[in-house]
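The values are calculated or read from the model by the stated rules, or taken from the named source; none is laboratory data. Every value quoted in this text rests on a predicted model; they were computed, and no experiment measured them. In this analysis, Cβ positions are derived from the backbone assuming ideal geometry, glycine residues included, and neighbour counts consider all displayed protein chains.
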Amino acid sequence: MVHALGPLSASTAYLISALFPAYVQAITVHRHQTFIQPLSNKVASEVYLADRVRKAVCAATGQALDYLSDERAETWDARAAVWLEVNKWGGYLESEQAWSDMVGAEKTKAETVLMSVEACRASSLVVLEQLEHLDHHAANLDAGVVGWCLAVRLLPMITLTDRHLINCSSKRKRC
């Protein structure tokens with residue numbers, strides 16, 4: 001569905017970082033209208049709905065991350081925004097294999113970008129920090145990386161908002 005936005009550009013990466021939180025909020029708030037529980041289902045309604053929301057957010061997260069696949073600063077800013085929103089949402093379950101697999105794959109990508117793409121280091125550290133916060137076991141970061149993830153929060157030039165990563169320095173246009 002995300003690929004309907006066309007080729008990845010700075011503006012579509014920004015659009016993903018803005019739309020993803022709106023999607024998560026909409027699917028959560030309107031879960032009763034979005035997911036209708038079959039009468040034959042014996043699971044409690046709220047349990048059923050929470051499971052459906054979690055699966056929908058997991059699928060949307062995967063689609064967004066697949067779409068945001070290059071190594072540009074704007075892309076990694078948007079990836080950081082996606083993980084910030086997943087963390088803010090609070091519905092992540094460590095026991096769900098799809099989520100754990102996604103965290104593990106994202107950790108590998110973020111570590112690669114951290115070591116090889118200077119323009120994306122701050123954003124990749126934010127991604128790693130969010131993954132560590134979500135799921136320590138699946139993220140499996142070594143102590144040195146965790147230390148740098150924590151340090152990124154202390155940088156005065158980086159401000160995290162609810163929706164996306166903003167570079168506050170007027171001189172710097174990259175992460």
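What the table below lists for this structure:
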{"quantity": "Check on residue 86, within 15 Å of residue 17 (Cβ to Cβ), of a type in the set (Val, Ile, Thr) and under 12 Å from the mean Cα position of the chain (by Cα)", "calculated": "yes"}
{"quantity": "Residue among 131, 141 that is assigned to a loop (DSSP other than H, G, I, E, B), within 24 Å of residue 94 (Cα to Cα) and modelled with pLDDT of 70 or more", "calculated": "141"}
{"quantity": "Output for region 74-99, where each listed residue is hydrophobic (A, V, I, L, M, F, W, C) and at pLDDT below 90", "calculated": "93"}
{"quantity": "The listed residue being assigned to a helix (DSSP H, G or I) and without any contact (Cβ under 8 Å) to a residue 40 or more places away in the chain, out of 15, 39, 65", "calculated": "15"}
{"quantity": "Filtered residue count, region 117-143, keeping only those that are touching a residue at least 40 places away in the same chain (Cβ under 8 Å), within 20 Å of residue 68 (Cα to Cα) and loosely packed, with under 15 Cβ neighbours inside 10 Å", "calculated": "0"}
